[in-house]
Structures are given as structure tokens and as C-alpha cells.
Amino acid sequence: MAGESAGPTLNGQALDKAEAPTAIERAARREAARSNAADSKLSDVSSLQIGPTAGVVVPRRVLHRVIMPRADDPPEVRPLYLDEPETMHGRTAEVVSRSTVTLPPTCQLSFATYFNAFPASYWKRWTRVEEVALRLTVRGSGRVDLYRSKSTGDVVHLEGKQLDTGGDPVQLEFRESLAPFEDGGWVWFDVATERKSLTITEAAWIVDEPLPVRTLAVAITTFNRPADCVTALAALAEDQAVLDVVAKVFVVDQGSVTVRDHQRFADVAARLGDRLVMINQENLGGSGGFSRGMLEALRTNGVEHVMLMDDDVRLEPDSVLRAHAFASASSSPVIVGAQMLNLQVRSQLHAMGEIVDLRTSFWRPAPGSVYQHDFAKLSLREQRLLHARIHSTYNGWWMCLFPREVLERTGLPLPLFIKWDDAEYALRAGECGFPTVTLPGSAIWHMPWTDKDDATDWTAYFHLRNRLITLALHSPYDVRRVIVQDGLRNAFKHLMAMEYSTVALHHKSIEDFLDGPELLFASLRDALPAVRKLREGYDDARIFSSAQQLPMPLFDPVRIEALLDPPVHPIAIAKRALCTVSRHLRSPQPQTRERPQINVPARHARWFLLGMMDSATVSNADGSGVAFRKRDPQQFRALLARTIALYRRLVNEWHVTAERYRAAVPELTSVESWEHAFTQV
């Protein structure tokens, strides 16, 4: 492990060790004193020693606190924490604080919830923990029962206790072996009262066996989102247990509107103290920002875990502690990723786990995962599909933790600017023996990708170029046929939908991929301006704030209603496709150049509708604007011919190009190359 040899390395390259900050030393001494206290508070037992004491073991470690919703959380968030038999209008449990809830007489409450049930199967599979204990402090009269689930979702009662404390707080403890959780299952507890009230406080899932202490650094990359970034920093600063664990918070600010200038920054910075390190650099994309954060963490003495985090998230602070405890308890180093909750529908689990399908050449939900599950509609106990353990092969960098050893042996990310950098890194780490675990109960709220136009806007270039690079490096299959079939199908859909700029970007993606890896670092600075300049020549890339800036559409909505239904039968699909192609080869009606035929919402912007039009306004995914798309037969012919030529070239040059990328990986991921990128003017 790092620190046992002459110095830490990354891919065999020495890294200079900075002296441990005095704040880390002070925190280490505080934590050493706390670890000797047998009856420490919840925030104490969940804290870790850091800095010079890394490697020390601490008994009775908190793995997973039982937490309540914040006072300012919207009502739809409550089901993530509390499973109540009544609707929101009939709730009777009183949330006193983030660690305390009171049940009045004749009340029932279950903690079989996303944030409070213990995901036992993941701990069984990946960690050295063999038994977990539920410890809670109770005051009053009532009953506490412990339950577990099987991988099928069947519920098993384990044990229970009727109690009456007479007004004095009493500490209860229930124990459960992790032996039966190989394939799936959670553990939770329920509470019920009859004639008197009952207060639950400082409940936690703990482990008695000593676990190694690991120091954590958090690295946030931000670009012109100062308010969001400050909110994320405030969430870290609000929880003392998190502050006791986190040694450093590196904020890599790549924007022109800086985080330092935000009105709330000074207050948050004061609370974080010398943990906070602000780094300003030009915009090198997500891979440039996160690589800088990783490198700064590696250069900080004593840091054993690095957590990457997006700026535009809402954080549940205990998620940081859970991921950190899980990584510390793992039998061997693993990447620990957080699941994604929907920032717009706060009770919805948007991404449970994902894989890169190296045969079909794209990412998708992991087998067995549940996509867009809403806990406000169906509880954890009721949704049986949530109880089987799933296996991910990568995790998005909205929140993802890396042990130091993973970074040292895998290297830094590829210079891909954005898109696929997280997937490629996880695949590369997996090839080095470091799997990815997406941990239930550890999550952030993030804007779902369904509300983004990143398949058609400027990011389409990075999607395809970086996807090709990832497949060239990691797929064991001959993916050329799949890539060509998928590419031609998508080109047809984009051309029929009058998205000419997207097809042009795909052409540039293929050309730049075939040019090889030598210009990847230069593309961190050059690619985005080039992509934006390319898009300027296409109507579909020009965004109006509203359709009211354009003339009213020519067609009545009723006239196109029949075209909204997609063709399903193969013969119907073929007939519609031939019809749309035939139309795109003919000249459009002159008046449609100035006046759209229809207004189309984003959800209806499909090839089988737009392919029958000469022009249309199409709103973007988040509803913030519209594009005036116009059919152009000349562009259509030119783009189609170039698409065919480029995919023919891609097939012929694939193997040679893939070998060039594989040979370049050590240099592309080296410390020296990234340092040069950061210092280059």
C-alpha cells in the first residue's frame, strides 16, 4: 500500500509527497481520542482517524447511519427515509432532527427505505464484514422488530422486542449475520406504538470487528455553476461526521463565473477551513478537471481514498460516509459508485447501476437493475426487483470513490474532455483487477440525462469519438459491424429529422478518431471551439428562446395528428422510410424556409414525423428554447455520401487505429502528460 515504500507511485512514476497539513494532524489527534471512548455519540463513532494515523483500526465502526429527511426537504423526499402506512396527509411520526423521530401513540413506522435499510448483500459480497449490528437509543413505550429480505423480495422476521423505558433512554442492539445474503437482500427495522409514544434516536448499522482507517479527499469539478457548487460544499460542511472524515476538498474551477465570487462562498469556506483547496484552471472538460483533482489528492500525504463529485448535485451527506466505510471494509480495493436519484423527481431512483456492453458497443442499465423507480409510489418492501444484488461495470462520476491503489496502478483518466471518460476508466481499472460496485443507499440527486440534448447538440461529437476510443481499447469483439449498423441507422434518423449538424459532428468524430491518439491532449483545448464553429453553419444548431419569435406554423395540429404514431410493422417502417427519403430528395416548398410547417415538442421530434415535413420548430429537451429545422436536399445528399465513405474507411482502418490507441495509453494517462497539460499556456 502507499506509504510502505519509499514513496507513492502512479503507473510506476514517483509522486512528490507534500507534508501533511496541520489541520489533518489536529483532526487525527481528535479522532484518536474519540476512538478510546466506548460510548461515543453517533457522529463520533462514524468518524475516522486521518493523516499520520492512516492504517490504524477502530472498533465498533458505524457503517450506515439511520437518518431522517431535512426540515426543508419537499414532501416527496420523505419516502426515501420513512415508510409510513398513511398518506402524506395522515402522517403522525414527528421528525425531530436528522437523527431523531418520535412516534405518538397508535402509530407504525418502517425503516425499510432506500436510505435507512441496510444493503446487506453488497456488504456480504465485497467486504470482510460478516455480521452487522443495529444499535439505537429508544425512549418511551413500543415495539421494535428486525426484518430482512431475500433476493426474491420475500420478507423474513428476525426478532423483536417490546419495551417500556419509563422515560429514560435505553440503548438496544440487534445482530444479524450476513451469511444468507449472497444473492441479495436488505435488513431493516420497524417500530410500533400503542398507548404511549416512542422516540428513536442515533440509530446506526455498526460492526464490531476492527476496520482500517482511510483518509478521504473529495474532488469537485465545476464550470460556471457557482451556486450549485457552493450548495454541494455546504452539504459537506453541514455534517460534522463528514468533516471528521474528509481531509481535503479540492474544487477545480474551470469557469469564467467563479465559485469564489458567489455570495455564500465565504461562509462555506470558513466552515470547511483549511480542508478546502480552490484550484482555478482553464476549461479542460470533466476529464481535465477530475484528473487535476485526482492528482492533487495523490500529492497530499496520507490520502487513501479520492471521491469525485459533480458540481450540479444535491448531496445526502451520509452517502459520503457509507461509500467511504464500504471501501475501507472491502476485501480488496474496489471502486465505489453512488446511485443517481432524479433531481426533478426527488423520490425517483434514476440509475441503479450500469454496464458497458462491449458487444453492442454502448452503455446500458446493468442486468436486473430497476430504472426510474419511484419510492413515493412503490416502497422498497413492495418492489421485489430491488432486492437482488446487481453487478455494474462502471459508475458515472456524479459521485464515485477510488482507493489510492486503484489510481496508482490504473493511471489517470484519458484526455477525453467529456463523455465516456468515466466508463473507459472503470473498464481499464477492471482489467487491472479493480471492480466497480454501485452501492445502494449511497446516492446523490442529479439532473437526469433524459432532460439533455447531448445526443444531438455539441456533445454528440464527444459521445461518438470517445465511444470509438473506448471500444478500440477494451472490446474483445470485432465491433465493426455493430458500429456501422448503429452509425448508419442513427445517421438516417438524424437526416430525416433535419439534424444536419449532428451528422456533421459525427463525421468529425470518426475523422478525429482515425487520426489517432497523438492529438488527444491538444483536443482538450481545441475540440470544443472547433465543434462550435462547425455547428454555426447549420440551421438546427441555432436556438431561439421561444417559438413566438417565428411565424405561426402553416399546418393545423389536427393535420399531422396521424403522423405522431410510429410505424411498428416492418413493412410499415420500410414504407415510411422510403417515403421520407423520397421527400428529402425533392426541393422544399419556398415558404417553409421562413415559416415552419409545425411546432414539435421534444418528445415528438422523431424521424417518422419530421421526415414528412419541409420545416419545423423543435423544442429542446429541457424546454428552454427551440430550433428552426429546415429540409435541405443538397446538404442531405452531401452528408449521406460522406457518412457512407467514412464508415467504409472506419471498417478498413479499425484494427490499425485500435493498436495505436492501446500503445498510447501509458503516455496518455501519465502524470507527466497531465502536468504538461495543466501548465501549458
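The values are calculated or read from the model by the stated rules, or taken from the named source; none is laboratory data. Values in this document were obtained by computation on a predicted structure and should not be read as measured data. Because the Cβ atoms are built from the backbone with ideal geometry, glycine has one as well, and the counts that use them run over all protein chains shown.
Overview of results
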quantity	calculated
Test for Thr106: is it in a loop (DSSP other than H, G, I, E, B) and of a type in the set (Val, Ile, Thr)	yes
Qualifying residue in segment 554-563 (condition: at pLDDT below 80, small (Gly, Ala, Ser) and either over 19 Å from Asp632 (Cβ atoms) or in contact with a helix residue (DSSP H, G or I) (Cβ under 6 Å, 6 or more places away or on another chain) (or both))	yes
Candidates Leu243, Leu216, Leu276, Leu178, filtered to the one that is more than 23 Å from the chain's Cα centre (by Cα) and either of a type in the set (Phe, Trp, Tyr) or surrounded by 16 or more Cβ atoms within 10 Å (Cβ to Cβ) (or both)	Leu178
Some residue of segment 603-626 being in contact (Cβ under 8 Å) with a residue 60 or more places away in the chain, part of a loop (DSSP other than H, G, I, E, B), surrounded by fewer than 20 Cβ atoms within 10 Å (Cβ to Cβ) and touching a Phe, Trp or Tyr at 6+ places or on another chain (Cβ under 8 Å)	yes
Selection count where residues are among the aliphatic types (A, V, I, L, M), surrounded by fewer than 17 Cβ atoms within 10 Å (Cβ to Cβ) and under 18 Å from Phe462 (Cβ atoms), scope segment 509-560	3
Condition check for Val656: part of a helix (DSSP H, G or I), farther than 20 Å from Lys493 by Cα and free of Cβ contacts under 8 Å to residues at least 12 places away in the same chain	yes
Those residues of segment 360-382 which are touching a residue at least 60 places away in the same chain (Cβ under 8 Å) and among the aromatic types (Phe, Trp, Tyr), in sequence order	Phe362, Trp363, Phe375
Filter result for the condition that a residue is closer than 22 Å to Ala117 by Cα and either surrounded by fewer than 18 Cβ atoms within 10 Å (Cβ to Cβ) or not assigned by TED's automatic domain parsing to the domain that holds Leu471 (or both), over Ser379, Ser361	Ser379
Pairs, first among the charged types (D, E, K, R) in segment 580-591, second surrounded by 10 or more Cβ atoms within 10 Å (Cβ to Cβ), C-beta under 7 Å, six or more apart	Arg583/Gly611; Arg583/Met612; Arg586/Pro633
Selected residue [among the basic types (Lys, Arg) and either at pLDDT below 95 or assigned to a loop (DSSP other than H, G, I, E, B) (or both)] from Lys196, Lys248	Lys196
Scope segment 199-223; condition part of a loop (DSSP other than H, G, I, E, B) and touching a Ser or Thr at 6+ places or on another chain (Cβ under 8 Å); matching residues	Val213, Arg214
Residue tally, condition touching a strand residue (DSSP E or B) at 6+ places or on another chain (Cβ under 8 Å) and not in a loop (DSSP other than H, G, I, E, B), over segment 109-124	7
3 or more residues more than 25 Å from Arg214 (Cβ to Cβ): qualifying strands (runs of 3 or more DSSP E) within segment 313-385	348-351, 354-357, 362-365
Which listed residue, of Val144, Val132, is in the same structural domain as Val95 (by TED's automatic domain parsing), buried (at least 21 other Cβ atoms within 10 Å of the Cβ), in a strand (DSSP E or B) and free of Cβ contacts under 8 Å to residues at least 60 places away in the same chain	Val144
Tally, over segment 286-297, of residues that are touching an Asp or Glu at 6+ places or on another chain (Cβ under 9 Å), more than 17 Å from Arg225 (Cβ to Cβ) and surrounded by 24 or more Cβ atoms within 10 Å (Cβ to Cβ)	2
Residue count for segment 627-653, restricted to those that are within 31 Å of the chain's Cα centre (by Cα) and in a helix (DSSP H, G or I)	0
Failed item in (1) out of contact with any helix residue (DSSP H, G or I) (no Cβ under 6 Å at 6 or more places or on another chain); (2) buried (at least 21 other Cβ atoms within 10 Å of the Cβ); (3) at positive phi, with Glu354 passing the rest	(3)
Yes/no for Phe434 being crowded, with 23+ Cβ neighbours inside 10 Å, in a loop (DSSP other than H, G, I, E, B), more than 15 Å from the chain's Cα centre (by Cα) and of a type outside the set (Lys, Arg)	no
Scan of segment 428-447 for residues that are closer than 21 Å to Ser287 by Cα and either among the hydroxyl-bearing types (Ser, Thr, Tyr) or not assigned by TED's automatic domain parsing to the domain that holds Leu414 (or both), ordered by number	Thr436, Thr438
Qualifying residue in segment 357-371 (condition: within 30 Å of Tyr81 (Cα to Cα), among the basic types (Lys, Arg) and in contact with a helix residue (DSSP H, G or I) (Cβ under 8 Å, 6 or more places away or on another chain))	no
For Asp422: the one exception among (1) within 17 Å of Ala366 (Cβ to Cβ); (2) among the charged types (D, E, K, R); (3) surrounded by fewer than 24 Cβ atoms within 10 Å (Cβ to Cβ)	(3)
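Results for (1) buried (at least 21 other Cβ atoms within 10 Å of the Cβ); (2) in the same structural domain as Arg65 (by TED's automatic domain parsing); (3) in contact with a Phe, Trp or Tyr (Cβ under 7 Å, 6 or more places away or on another chain), shown as yes or no for each residue.
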site	(1), (2), (3)
Arg139	no, yes, no
His157	no, yes, yes
Gly166	no, yes, no
Trp186	yes, yes, yes
Glu202	no, yes, no
